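A.B. asks: Below is one structure. I have some questions about it.
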Amino acid sequence: MELVYSQEKEVLLLALDTFSERNLDFVDCVLYAYHKVKGVTIATFDKKLLRLIGE
């Protein structure tokens, strides 16, 4: 079992929600959550992540 530690509770909760609903890797869900919660610009070639960011 892996443990995840984060000081960014809102980011982690959104990442977990996204992971449970979408067919994405957990790391991509964390990137998406940082984008939505903190406004971080994400540079990626991952088409699924790009689609999700564009929604």
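The values are calculated or read from the model by the stated rules, or taken from the named source; none is laboratory data. The model shown is predicted, which means the values in this text are computed figures rather than measured ones. When we count neighbours, we look across all protein chains shown, and the Cβ atoms used for this are built from the backbone with ideal geometry, even at glycine. To get the accessible areas, we keep the full protein, side chains included, count just its heavy atoms, and leave off ligands, DNA and RNA. Shrake-Rupley method; radii C 1.70, N 1.55, O 1.52, S 1.80 Å.
A.B. asks: Could you list all residues from the range 27-52 that are under 10 Å from the mean Cα position of the chain (by Cα) and loosely packed, with under 13 Cβ neighbours inside 10 Å?
C.D. replies: If the condition is that a residue be under 10 Å from the mean Cα position of the chain (by Cα) and loosely packed, with under 13 Cβ neighbours inside 10 Å, then 27 is the only one that fits.
A.B. asks: Out of all the residues in the range 9-25, which are open to solvent by 60 Å² or more (accessible area, probe 1.4 Å) and not small (Gly, Ala, Ser)?
C.D. replies: 9, 10, 13, 16, 17, 19, 21, 22, 23, 25
A.B. asks: Have a look at 30, 4, 11 and point out the one that is among the aliphatic types (A, V, I, L, M), touching a Phe, Trp or Tyr at 6+ places or on another chain (Cβ under 9 Å) and in a loop (DSSP other than H, G, I, E, B).
C.D. replies: 4
A.B. asks: I've got another one for you. Among the residues of the range 1-45, write down those that are without any contact (Cβ under 8 Å) to a residue 12 or more places away in the chain and of a type in the set (Val, Ile, Thr).
C.D. replies: 4, 27, 40, 41, 42
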